[in-house]
Amino acid sequence: MTTTSLAAEAAPSPRADFADSPVIRSRRRIDPTYYWMVVPVLALFAFFITLPALVGVFFSLTNYAGYGDWKFIGLSNYVNIFKDPAVLQSYIFTFVFALTTTVVVNIVALAIALGLNAKIKWRTGIRTVFFIPMVLSALIVSFVFNYLFSNTLPVLAERFGFTPLATSILANENLAWLAIVLVTVWQAAPGATIIYLAGLQSVPAEIYEAADLDGAGSFRQFLNLTLPLILGYLVINVILGFKGFLGTYEIIVGLTGGGPGMATQSVAMRIFSGFTGGDYSYQMANAVIYFLITLLISVIQLRLIQRRGVSL
């Protein structure tokens, strides 16, 4: 009896051995290499992003013009922004533009992806041609299209007797925004197409073979098979596209400069113009409001994704 109890006491506990195993010890101890990688990144982010943002929020509560003296004025800038019709016009234009462009880009990109995913001749070469716009500078692209809309297109329209386009559409308050949408779609569609191609190539071919045996046509296969299976990729494109188009700047600068008048002035353009035009604190308050609105949209989008159970 005594020998048995002594042996039981001397035998190591399986739980103790498991707790002291090298795997558990390695999980408890964090490799110092991670700190060397993470800490510098956090420091740079705090110095170049967080700190300037906090400074900007502080100056939004002042009358600072970007130079000279300033004094604290509280929430006056924020109150005045909601009364400024020019600022409200820029918000309306930006959101209408972002929503319209997001819809058009995803329709065009999905159509192109379906065509490039099909078994066609010279598919690789055609893909290369379609992806060229995404590697070009947005500002250069906008200047090229500015020349086309202002010179080439009116000449061709006049020659063929098409009067509505005989003058530059960039000078038309009702049509200038359509030119911006067109150029933005031309450059943004290839990036969305790549994401859709990745989604289409992840769908097993056996599913379409089974659908063919059941007599399902191409449109029915797309509606009932392809679209549900690539829904996650669609959500990614919508979220990334909408957020990107909310901050549109270069293409508008190159095409219209915010004109004619202020018809195509985006929120980003209005904010940047204030930074160099002696309106620093006022436009910084505008930037804070715009950031909060964008953050709210992001949270709503994430909530909708979680509610629908879409896997990204």
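The values are calculated or read from the model by the stated rules, or taken from the named source; none is laboratory data. This structure is a prediction, so every number in the text was calculated from the model and none was measured. Every residue, glycine among them, receives a Cβ derived from its backbone with ideal geometry; neighbour counts consider all protein chains shown.
Residues in the range 258-312 that are within 14 Å of N77 (Cα to Cα), of a type in the set (S, T, N, Q) and touching a residue at least 24 places away in the same chain (Cβ under 8 Å): S281, N286. The residue of the range 14-53 that is modelled with the lowest pLDDT, among those that are polar (S, T, N, Q) and in a helix (DSSP H, G or I), is S26.
For the range 200-208, indicate whether the set of residues that are in contact (Cβ under 8 Å) with a residue 60 or more places away in the chain, in the same structural domain as P260 (by TED's automatic domain parsing), buried (at least 17 other Cβ atoms within 10 Å of the Cβ) and part of a helix (DSSP H, G or I) is non-empty. Scanning the range 200-208 turns up at least one residue that is in contact (Cβ under 8 Å) with a residue 60 or more places away in the chain, in the same structural domain as P260 (by TED's automatic domain parsing), buried (at least 17 other Cβ atoms within 10 Å of the Cβ) and part of a helix (DSSP H, G or I). Checking every residue in the range 171-188 against the condition of being small (G, A, S), modelled with pLDDT under 90 and within 22 Å of V108 (Cα to Cα) gives zero matches. Can you pull out the residues in the range 64-83 that are in contact with a strand residue (DSSP E or B) (Cβ under 9 Å, 6 or more places away or on another chain) and within 17 Å of I271 (Cβ to Cβ)? Result: N77, single match. In this structure, F93 qualifies as assigned to a helix (DSSP H, G or I) and crowded, with 18+ Cβ neighbours inside 10 Å.
Scanning the range 54-69 for residues that are of a type outside the set (A, V, I, L, M) and not in a loop (DSSP other than H, G, I, E, B) yields a total of 4.
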